[in-house]
Amino acid sequence: MKRLWEEFRIAGGFLTVFPVADELSGDPERLGRGMAFWPAIGLLMGLGLVAMDQALTPLIPRAVVDSLLVLTMIAITGAIHLDGIADLSDGLARGKDREGVLRIMRESRVGAVGVIGLVMVLLLKYVILHNVPVQLKAQVLIFMPMAGRWTQVLLAAFNNCIRSGTRAGGEFVDYVGKREFFIASATFAIATLVLFALQGLVVLLVFGLVGVLLLRYFQHRLGGVTGDVLGAGNEVMEIFALLLIHLLRHA
């Protein structure tokens, strides 16, 4: 039980700016095993966003609240995943092959495509979140960060770590296996069913399918993942999570 608690703390310390496990977070093996609790940390983030939304909505316009919600997610995570989407966007746009993509991702500067990718991610999150029906907003705020972090566990559990020297190294991926994926998936599945009842089965099926497609893409294009790839996967799938709820609502 003590080890599970340590792994939970490590997950919280790595994914957020809160110093809850500084003395434990330097070990790649512990970081890898801590990925079992990444969706749980996303769930707690979502609950915090719901509390913030409910506290601010009666006081200020919804557009301002939604902007603050997006900004809060950036602040809580230290923009760690946004760094990944900028680097990966540059690499995929300018790199002609695997080595070229990884070389560009290693560069310290962010190119034009990276900036565009970063801006579009933030814009899409805000616009889609702002158009979420009020009656679904709490569920969406909880589901979105949890789904993004489950995607990272999926990518890590079934991919190799590319030791490319990127700034956001993913060496801990080597220690993510079936145990971590099972715990993360159980958390994600149970919470999704609680949030959306029977419709949650459709949410899990569609989201899982898209997650597998993203996994196969990175396997084919890069031969594995880095920390930047995990962060980018989180951002892409958070946007898809928002879109998916919209699509199911209209369906």
Mean separation of Cα contacts under 8 Å, 6 or more apart, over the residue count of segment 96-251: relative contact order %: 37 percent
Full-extension gain in nm, Leu209 to Gln54, via 0.36 nm per residue minus C-alpha separation: 52.6 nm
GNM top mover of Met35, Met73, Met237 - the chain, alpha-carbon springs below 10 Å: Met73
Electrostatic dipole magnitude of segment 1-155 [Cβ: Lys, Arg +1; Asp, Glu -1; Cα centre; debye, to 20]: 240 debye
The chain: DSSP helices with Cα axial extent of at least 18 Å and average Kyte-Doolittle hydropathy no lower than 0.5: 38-56, 62-77, 112-130, 137-157, 178-196, 199-221, 227-250
Accessible-area order (highest first, 1.4 angstrom probe) of the listed residues Met1, Met146: Met1, Met146
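The values are calculated or read from the model by the stated rules, or taken from the named source; none is laboratory data. No experiment lies behind these values; they were computed from the predicted model shown. No Cβ is skipped: glycine too gets one built from the backbone with ideal geometry, and neighbour counts run over all protein chains shown. Just so you know, the surface numbers come from the protein's heavy atoms only, side chains and all, with ligands and any DNA or RNA stripped out. Shrake-Rupley method; radii C 1.70, N 1.55, O 1.52, S 1.80 Å.
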